[in-house]
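J.: The structure under discussion is supplied below as structure tokens; questions concerning it will follow.
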Amino acid sequence: MKGPLTEIGTSLRAVALVAVTLCGVYPAAVRLLDRALFPARSEGSLVRLDDRVVGSRLLSQAFLEPRYFHPRPSAAGAGHDASRSGATNLGPTSKRLFEDVSRRAADYRNENGLPARTAVPADAVTASASGLDPHISPENARLQAGRVARARGLPEEDVLSMVRERTEGRTLGFLGRPRVNVLILNLALDGVVHEGR
């Protein structure tokens with residue numbers, strides 16, 4: 001029969017083995033496998049131009065000039081602040097949410113030169129859950145195309161063609177909705193085509 005000290009020693013060795021496996025070996029193996037199979041994604045899907053990081057395919061950033069497509073509104077810090085990711089947590093009966101959406105819709109129509117009764121896509125007036133969604137809907141991009149084309153002195157059809165070319169389909173063909181990555185589209189407009197995944 002084993003004594004209590006033997007039982008305690010066996011338990012401590014088992015805990016140490018599990019801790020080393022789950023806190024060291026397993027994470028290191030997953031990290032190495034991730035870097036080998038998905039090198040760009042494992043580093044945050046960073047977009048580099050001339051060895052300079054200009055953004056990430058996964059995080060929104062503020063584009064405020066009329067010559068650029070604008071992302072969704074952001075509730076992250078002062079806006080598009082990755083260190084303060086988060087939502088407003090305002091519910092559908094919130095007066096503040098109603099006022100924010102109404103103001104954003106009026107601003108969106110005015111900014112894009114749209115008639116007062118134009119339907120505005122939800123993603124143009126509501127922030128995502130993280131406040132950092134890098135995508136907008138194709139409808140949102142099409143409504144912004146006229147403003148972008150005017151600001152750049154381009155034919156609107158050329159800008160719409162760029163939107164169509166950069167519209168991503170549903171994930172795995174059935175998850176989510178079609179979307180346009182704002183950073184990638186704006187880089188293409190600037191003449192720096194970055195299609196890498």
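J.: For the range 136-152, state whether one or more residues are assigned to a loop (DSSP other than H, G, I, E, B), closer than 22 Å to Leu189 by Cα and assigned by TED's automatic domain parsing to the domain that holds Tyr68.
T.: The answer is yes; a qualifying residue exists.
J.: Got at least one residue in the range 111-119 being of a type outside the set (Gly, Ala, Ser) and either free of Cβ contacts under 8 Å to residues at least 24 places away in the same chain or not assigned by TED's automatic domain parsing to the domain that holds Leu143 (or both)?
T.: The answer is yes, given that some residue of the range 111-119 is of a type outside the set (Gly, Ala, Ser) and either free of Cβ contacts under 8 Å to residues at least 24 places away in the same chain or not assigned by TED's automatic domain parsing to the domain that holds Leu143 (or both).
J.: I'd like to check something: does the range 39-48 contain any residue that is part of a helix (DSSP H, G or I), of a type in the set (A, V, I, L, M) and surrounded by 13 or more Cβ atoms within 10 Å (Cβ to Cβ)?
T.: yes
J.: Does Ser130 meet the test of being within 27 Å of Arg48 (Cα to Cα), touching a helix residue (DSSP H, G or I) at 6+ places or on another chain (Cβ under 8 Å), among the hydroxyl-bearing types (Ser, Thr, Tyr) and in contact (Cβ under 8 Å) with a residue 40 or more places away in the chain?
T.: Judged against the criteria, Ser130 is not a match.
J.: Something else about it: Taking the stated definitions as given, is Ser85 at pLDDT 80 or above, in the same structural domain as Asp133 (by TED's automatic domain parsing) and either among the hydrophobic types (A, V, I, L, M, F, W, C) or farther than 12 Å from Ile184 by Cα (or both)?
T.: Yes.
J.: Out of the range 166-182, which residues are closer than 19 Å to Ala122 by Cα and either hydroxyl-bearing (Ser, Thr, Tyr) or surrounded by 20 or more Cβ atoms within 10 Å (Cβ to Cβ) (or both)?
T.: The answer is Thr167, Arg179, Val180, Asn181, Val182.
J.: Which one of the conditions (1) surrounded by fewer than 17 Cβ atoms within 10 Å (Cβ to Cβ); (2) in contact with a Leu (Cβ under 9 Å, 6 or more places away or on another chain); (3) not in a loop (DSSP other than H, G, I, E, B) does Val163 fail to meet, given that it meets all the rest?
T.: Condition (1) is where Val163 drops out.
The values are calculated or read from the model by the stated rules, or taken from the named source; none is laboratory data. The structure displayed is predicted, hence computed values, not measured ones. So basically every Cβ, Gly included, is an ideal-geometry build from the backbone, and we count neighbours across all protein chains shown.
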